[in-house]
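Here's the structure we're looking at; comments come further down.
The values are calculated or read from the model by the stated rules, or taken from the named source; none is laboratory data. Since the structure is predicted, the reported quantities are computational estimates derived from the model, not experimental observations. Glycine gets a Cβ as well: all are built from the backbone with ideal geometry, and neighbour counts include every protein chain shown. Remember, those area values only see protein heavy atoms, side chains included, never the ligands or the DNA or RNA. Shrake-Rupley method; radii C 1.70, N 1.55, O 1.52, S 1.80 Å.
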Amino acid sequence: MTTIIKTEKLEKTYRDEIETIALRGLDFSIEKGEFISIMGPSGSGKSTLLHILGFLDRLTGGDYLFEGKSMNDYSDEELAQVRNKKMGFIFQAFNLLPRTSVLENVKLPLLYSDIKESLWNEMAAKAIDSVDMTHRIDYEPAHLSGGEKQRIAIARALVNDPSVIFADEPTGNLDSKSGSQVMEILEKLHI
């Protein structure tokens, strides 16, 4: 298998009025195709780790290699390009634009890509179909249930056909039935 993510003594320390160590000495690797869950109590650094792995934040010690290249070797612009082309994100709070249709919300990552605009609608519609939400393609988020919003967030994460998808508590704001449906979708997409 191919290693897609590898950390070596990864550390993150926040330095404000006091120094807070969020991550200390993490060593692990993730192979292409693996389905990984990171669990721990609130405040244990899970979101911090996801932000570093997703190039949304920088580490303060150790190393993180994505597809064999160290995060430290990327400029901020290169990090943004890799994040857009190779990473999809699903957040607990959905992060959908409220007065924008499902189709337009799913197309958002394509705005920052080098993909021809003439392909955007087709790509977004395919991603929406993959989460069984075609019947809501013209709806705005205010007219969707929590589970439907999360399915749209999943479609948005998929639209660029990323190498990896990061999900930060994707069922945290959902009831148990909707949460189960979201996890079933993620498992189905993984296969």
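For the residues 148, 184, the requirement of being acidic (Asp, Glu) and either surrounded by fewer than 20 Cβ atoms within 10 Å (Cβ to Cβ) or in contact with a Pro (Cβ under 6 Å, 6 or more places away or on another chain) (or both) singles out 184.
Examine the range 118-127 for a residue that is open to solvent by 40 Å² or more (accessible area, probe 1.4 Å), among the aromatic types (Phe, Trp, Tyr) and touching a residue at least 12 places away in the same chain (Cβ under 8 Å), and state whether such a residue exists. Looking for residues that are open to solvent by 40 Å² or more (accessible area, probe 1.4 Å), among the aromatic types (Phe, Trp, Tyr) and touching a residue at least 12 places away in the same chain (Cβ under 8 Å), one finds none in the range 118-127, hence no.
Every test in (1) open to solvent by less than 30 Å² (accessible area, probe 1.4 Å); (2) under 18 Å from the mean Cα position of the chain (by Cα); (3) over 28 Å from residue 6 (Cα atoms) is passed by residue 101 save one, and that test is (2). The helices (runs of 4 or more DSSP H) found entirely in the range 79-191 that carry 1 or more residues being at pLDDT 95 or above are 102-107, 120-130. Consider the range 25-78 and keep the residues that are among the polar types (S, T, N, Q), modelled with pLDDT of 90 or more and surrounded by fewer than 16 Cβ atoms within 10 Å (Cβ to Cβ). The one that is nearest to residue 7 (Cα to Cα) is 29.
The residues of the range 159-181 that are of a type outside the set (Val, Ile, Thr), closer than 21 Å to residue 66 by Cβ and open to solvent by 40 Å² or more (accessible area, probe 1.4 Å), listed by number, are 161, 163.
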